[in-house]
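The values are calculated or read from the model by the stated rules, or taken from the named source; none is laboratory data. Fair warning: this is a prediction, and the values are worked out from it, not measured in the lab. We place every Cβ from the backbone using ideal geometry, glycine too, and count neighbours over all the protein chains shown.
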Ligand SMILES: Nc1ncnc2c1ncn2[C@@H]1O[C@H](COP(=O)(O)OP(=O)(O)OP(=O)(O)O)[C@@H](O)[C@H]1O
Ligand SMILES: [Mg+2]
């Protein structure tokens, strides 16, 4: 049963992707086949009747092998993808850190991207101006702020993205793998910041292939396998069983 402590409710969510069955080499060929109705697709269900609830203040790790549906699930929760079936209810604002570079324009400078990203998160220019220095300081990229982000390394990009996403006071923070590209010291700094946000009551959805990181950060875990929930519950317990299954 759902109560008013529930901040995210995932109800029987399924997500279908269409995979092109034949290789179509050119746009022209694609259009010809599309017009003739000859494009054939294989259906692929990346998520299959997934249900779970997240309580306010919980920190939930999504675990599972490559391709098990973790990122797809996070995108559905963030509203980036609409589920084919089922529904998701989210009772709060979301700061999503899902794909590296999403929300960035690579031709713009770091500084411009801070404001672009802020706008995409629904924050005003004034709000972003107030937190700008703090974002730059946390990212440790001050001397790169006027460089186009296409010249950033993946680690630098993830630092900036993390600093922006965690600068506001979103109710829900979604972190998909982005920590893994940061160096060891920056990862620790991010973990500390996530903990501080959790102390203030932020709900966290976290994906990492480091099970140790999941155990360290999360109190709950959902284990996805082939798009289905294999197990869910206490993080230590689920991670323990997951590790033994490898
Ligand atoms: N836009 C898409 N079109 C077609 N298939 C997709 C699309 N996005 C994801 N998939 C497929 O859905 C499945 C789940 O992908 P997803 O990215 O959610 O996995 P994941 O658990 O995040 O994996 P990883 O650990 O590698 O990040 C994969 O088989 C993937 O190929
Ligand atoms: Mg993924």
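Name the single residue, out of those in region 163-185 being modelled with pLDDT of 90 or more and within 16 Å of ligand 2 (Cβ to nearest atom), that is surrounded by the most Cβ atoms within 10 Å (Cβ to Cβ). Per the criteria, the residue is 175. Screening residue 109 on (1) farther than 21 Å from residue 221 by Cβ; (2) within 15 Å of the chain's Cα centre (by Cα) shows it passes everything except condition (2).
Find all pairs meeting these conditions: Cβ atoms under 9 angstrom apart; at least six residues apart or on different chains; first residue within region 207-227 and within 16 Å of residue 193 (Cα to Cα) and without any contact (Cβ under 8 Å) to a residue 60 or more places away in the chain; second residue within 14 Å of ligand 2 (Cβ to nearest atom) and part of a helix (DSSP H, G or I). Taking only residues 6 or more apart or on different chains, the pairs are 213/179; 213/180.
When the test is whether a residue is closer than 23 Å to residue 53 by Cβ, at pLDDT below 95 and in contact with a strand residue (DSSP E or B) (Cβ under 6 Å, 6 or more places away or on another chain), residue 204 does not pass it. Filtering region 117-144 to residues that are free of Cβ contacts under 8 Å to residues at least 40 places away in the same chain, surrounded by 16 or more Cβ atoms within 10 Å (Cβ to Cβ) and either out of contact with any helix residue (DSSP H, G or I) (no Cβ under 8 Å at 6 or more places or on another chain) or within 18 Å of residue 96 (Cα to Cα) (or both) leaves 128, 131, 135, 139. When region 43-77 is filtered for residues that are exposed (fewer than 12 other Cβ atoms within 10 Å of the Cβ) and near ligand 1 (Cβ under 10 Å from one of its atoms), the ones remaining, listed by number, are 44, 66.
From the list 201, 233, the one residue that fits, being more than 16 Å from ligand 2 (Cβ to nearest atom) and free of Cβ contacts under 8 Å to residues at least 60 places away in the same chain, is 233.
Hey, any hits in region 18-37 for a residue that's within 12 Å of ligand 1 (Cβ to nearest atom) and either under 14 Å from residue 172 (Cβ atoms) or crowded, with 16+ Cβ neighbours inside 10 Å (or both)? Within region 18-37 (the criterion being within 12 Å of ligand 1 (Cβ to nearest atom) and either under 14 Å from residue 172 (Cβ atoms) or crowded, with 16+ Cβ neighbours inside 10 Å (or both)), the answer is no, since none of the residues qualifies. Every listed requirement among (1) modelled with pLDDT under 95; (2) away from ligand 2 (no atom under 16 Å from the Cβ); (3) surrounded by fewer than 19 Cβ atoms within 10 Å (Cβ to Cβ) is met by residue 80 save one, (2). Checking 68, 59 one by one, the residue that is at pLDDT 95 or above, within 16 Å of ligand 2 (Cβ to nearest atom) and within 18 Å of residue 229 (Cα to Cα) is 68 and no other. Quick one: would you say residue 95 is within 16 Å of ligand 2 (Cβ to nearest atom), touching a helix residue (DSSP H, G or I) at 6+ places or on another chain (Cβ under 7 Å) and in contact (Cβ under 8 Å) with a residue 60 or more places away in the chain? For residue 95, the condition - within 16 Å of ligand 2 (Cβ to nearest atom), touching a helix residue (DSSP H, G or I) at 6+ places or on another chain (Cβ under 7 Å) and in contact (Cβ under 8 Å) with a residue 60 or more places away in the chain - is not met. Taking the stated definitions as given, is residue 89 more than 16 Å from ligand 1 (Cβ to nearest atom) and loosely packed, with under 15 Cβ neighbours inside 10 Å? Yes, satisfied.
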